[in-house]
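J.: This is the structure I have questions about; it appears just below.
Where a number appears in this text, it was derived from the coordinates with a stated rule and is not lab data. None of these values were measured; they are calculated from a predicted model. Every residue, glycine among them, receives a Cβ derived from its backbone with ideal geometry; neighbour counts consider all protein chains shown.
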Ligand SMILES: [Fe+2]
């Protein structure tokens, strides 16, 4: 279970509407390397992970990705909530507008709706953690591209925070992979205890 804190992990206070930026930033909400995919990937992989440390890493990072999903949703919301219809049309966001108004819906920058094929959960600890290392680098690169495309510090600061977290996640998955590789190479004298709900 989770407990919910009524504040964002990083504050978002955007003064100027910018539907052009909203159109591309939404990809980190519902795109292939976005936060929804990340949270579902890690929270699903936990069940078949083999060491308590690696399970805890997936649990912690999967949970934090949900908090990042919330930050990205807040950014997109603040970028479009006061945008005029004219600005929305100029940004090419009108196809999104006719289906979702100024609401938040998980799509990629190209407007492709979220799909579970963005998520992998293979049931093999080495495969899953290797996948996660690549996923974190892809998320980091996407934030990098979004930062390159922007110029408003109100938007760039939360994006930079999110980029930095992907680097930290990558390092933590690297540690988890080393721990799991060591565990799998040990003679099987004992099985590491798992949390009750994952037994
Ligand atoms: Fe991440």
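J.: If you take the residues in the range 9-47 that are assigned to a loop (DSSP other than H, G, I, E, B) and within 16 Å of the ligand (Cβ to nearest atom), which one is surrounded by the fewest Cβ atoms within 10 Å (Cβ to Cβ)?
T.: That would be 9.
J.: When only residues in the range 48-58 that are part of a helix (DSSP H, G or I) and in contact with a helix residue (DSSP H, G or I) (Cβ under 6 Å, 6 or more places away or on another chain) count, which is surrounded by the most Cβ atoms within 10 Å (Cβ to Cβ)?
T.: 54
J.: Is the range 62-69 home to any residue that is loosely packed, with under 15 Cβ neighbours inside 10 Å, within 16 Å of the ligand (Cβ to nearest atom) and over 18 Å from residue 155 (Cβ atoms)?
T.: yes
J.: If you go through the range 75-98 one residue at a time, do you hit one that is free of Cβ contacts under 8 Å to residues at least 60 places away in the same chain, closer than 21 Å to residue 38 by Cα and surrounded by fewer than 22 Cβ atoms within 10 Å (Cβ to Cβ)?
T.: yes
J.: Mind listing just one residue for me: the one in the range 165-178 that is more than 10 Å from the ligand (Cβ to nearest atom) and free of Cβ contacts under 8 Å to residues at least 12 places away in the same chain and, of those, nearest to the chain's Cα centre (by Cα)?
T.: Checked the range 165-178; the qualifying residue nearest to the chain's Cα centre (by Cα) is 171.
J.: Do you know which residues across the range 143-164 are within 11 Å of the ligand (Cβ to nearest atom) and either buried (at least 16 other Cβ atoms within 10 Å of the Cβ) or within 23 Å of residue 107 (Cβ to Cβ) (or both)?
T.: Selection gives 143, 162, 163.
J.: Turning to a different aspect of this structure: Can you name every residue in the range 125-142 that is free of Cβ contacts under 8 Å to residues at least 60 places away in the same chain and away from the ligand (no atom under 16 Å from the Cβ)?
T.: 126, 127
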